[in-house]
Amino acid sequence: MKPAALIADMAGTTVQDDGVVLAAFGDALDVISVTGTSERIDALAYVIETMGQSKIDVFTALFGETRAIDANRAFEAAYVERIERDGVAPIPGTEALFNVLAEEGVALGLTTGFSPRTRQALLRALGWDERISVAISPNDAGRGRPYPDMVLLAAKQLGIADLSSVVVVGDTQSDIQAGIAAGAGWVVGVESGTDTAERLIAAGATHVVATIADLTLLFAS
């Protein structure tokens, strides 16, 4: 059965990160005065471990609700400033895959741990704001990864009722866990981002590929 939809993560999966997320987290730590070396190392280790999850949830787990608000605001400002200053690019082959999906009538949605504001800035920087009609953040769905809410909402907005016809793709364990929890027919890990193939398989990935471009043959006639 050919899949009816592809629901993919953004940073690290369809979008090259090049360390921008971690750099923006570092900027946020500066703003909330996390200056101790060991505290910064521990915080960044947690950020890496939970990559793909809602950024405000990550900051809340680290610093509590009050400081998390300031940290998240600083992270968003730093991330947007960096991508607007330095530019951002898709993972090679991603746009060619998008073209194949359009030609084959396969629905496309994106999910992200970023807030809607940061997500839209990223889409604009990529020139995808006109191309991508369904892009979901944790704020939209209620809960972020590893919960299935974003995948389920994306499928609903794409008009897909049968999740077994959906391919979910991501570069982190939380992406894989969300796809499994949603009941997606294919839950594919990519090695272009944060986690290793071993971690993606341990999370339950049905397949692991080098990059999302390797999925083109799955959809092409």
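All of the numbers you see were taken from the coordinates with simple rules; none came from a lab. Keep in mind the model is a prediction, meaning the values are calculated, not measured. A quick note on method: Cβ atoms are made from the backbone with ideal geometry, for glycine too, and the neighbour counts reach across all protein chains shown.
Only one of Gly193, Gly144, Gly179 is more than 27 Å from Asn99 (Cα to Cα), touching a residue at least 12 places away in the same chain (Cβ under 8 Å) and buried (at least 24 other Cβ atoms within 10 Å of the Cβ). Can you tell me which?
Numbers: Gly193 fails: more than 27 Å from Asn99 (Cα to Cα); Gly179 fails: more than 27 Å from Asn99 (Cα to Cα).
None of the others qualify; the one that does is Gly144.
Would you point out the residue of the stretch 152-208, among those that are part of a strand (DSSP E or B) and small (Gly, Ala, Ser), that is nearest to Asp17 (Cα to Cα)? Steps first, answer last, please.
Taking the stretch 152-208 as the starting set, the residues that turn out to be part of a strand (DSSP E or B) are 166-170, 186-190, 207-208.
Right, trim to small (Gly, Ala, Ser) and you get 170, 189.
Working: Gly170: 13, Gly189: 16 Å.
Only one residue tops the list, namely Gly170.
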Inset, instruction - Six or more apart or on different chains, Cβ under 7 Å: which pairs go from a residue in the stretch 67-93 that's under 14 Å from Val15 (Cα atoms) to one that's outside any helix (DSSP H, G or I) and of a type in the set (A, V, I, L, M, F, W, C)? Could you list them? - result: Val88/Val15; Pro90/Val15; Ile91/Val15
Inset, instruction - Output the residue which, of all residues in the stretch 28-66 that are buried (at least 17 other Cβ atoms within 10 Å of the Cβ) and charged (D, E, K, R), is nearest to Ile83 (Cα to Cα). - result: Lys55
